[in-house]
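Before any comments, here is the structure.
The values are calculated or read from the model by the stated rules, or taken from the named source; none is laboratory data. All figures in this text were calculated on a predicted structure; none of them were measured in a lab. Positions of Cβ are generated from backbone atoms using ideal geometry, with glycine treated the same way; all protein chains shown enter the neighbour counts. Ligands, DNA and RNA are stripped out before the accessible areas are found, and what is left, the full protein with its side chains, is counted by its heavy atoms. Shrake-Rupley method; radii C 1.70, N 1.55, O 1.52, S 1.80 Å.
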Amino acid sequence: MNIYDSANALADELRQCEEVREYARLKEIAEADETNRRLIEESRKLQVKLQLQAAGGGQPDPDDMQRFQQIMSLLYMNNDVQAYMLAEVRLQKMMADLFKIITDACGMDMGIPGE
């Protein structure tokens, strides 16, 4: 079997797996509310900004950090959004596990924390 055929077969399996289907279902529910959708989007932008600041060796902007924490507090008060975000964490963990399996098979050391 061609490696790309295998990758496409994996993609098909992922689309059918419970974690991906549950994530998609919860995302649709959480983002059905426009305010939730905008807060989720804003939290993601701030998270990336803060991560880039930290990766650059600098201190995260205190105002950005405070805004991020406020938004996350608001989001986690909503049960639908909280369920969606927790499903996303589970899916990210699964994807990290798959990435590790693939990189290990190639003999690559990606220096992934927690190993």
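Test Met77 against the criterion of being out of contact with any Lys or Arg (no Cβ under 8 Å at 6 or more places or on another chain) and within 30 Å of Thr103 (Cα to Cα), and give yes or no. Criteria not met by Met77.
Out of Gln51, Gln92, one residue alone is under 25 Å from Ala11 (Cβ atoms), open to solvent by 80 Å² or more (accessible area, probe 1.4 Å) and in a helix (DSSP H, G or I). It is Gln92. The residues listed here are Arg25, Arg37, Arg44; of these, the one that is at negative phi, open to solvent by 70 Å² or more (accessible area, probe 1.4 Å) and touching an Asp or Glu at 6+ places or on another chain (Cβ under 8 Å) is Arg37. Kindly provide the set of residues from the range 1-21 that are part of a loop (DSSP other than H, G, I, E, B) and more than 16 Å from Ala96 (Cα to Cα), ordered by number. Selection gives Met1, Asn2. Residue pairs whose Cβ atoms lie under 7 Å apart, sitting 6 or more positions apart in sequence or on different chains, and linking a residue in the range 83-99 that is touching a residue at least 40 places away in the same chain (Cβ under 8 Å) to a partner that is of a type in the set (Ser, Thr, Tyr) and part of a helix (DSSP H, G or I), are Ala87/Tyr23; Glu88/Tyr23; Leu91/Tyr23. Is it fair to say Arg38 is part of a helix (DSSP H, G or I) and within 20 Å of Ala96 (Cα to Cα)? No, not satisfied. Pairs meeting the criteria (first residue in the range 1-25 and closer than 24 Å to Ala87 by Cβ, second residue open to solvent by 80 Å² or more (accessible area, probe 1.4 Å), beta carbons under 7 Å, at least 6 apart or on different chains) are Glu19/Arg90. Annotation for the range 63-74: no member residue is open to solvent by less than 80 Å² (accessible area, probe 1.4 Å), touching a helix residue (DSSP H, G or I) at 6+ places or on another chain (Cβ under 7 Å), hydroxyl-bearing (Ser, Thr, Tyr) and more than 30 Å from Ala105 (Cα to Cα).
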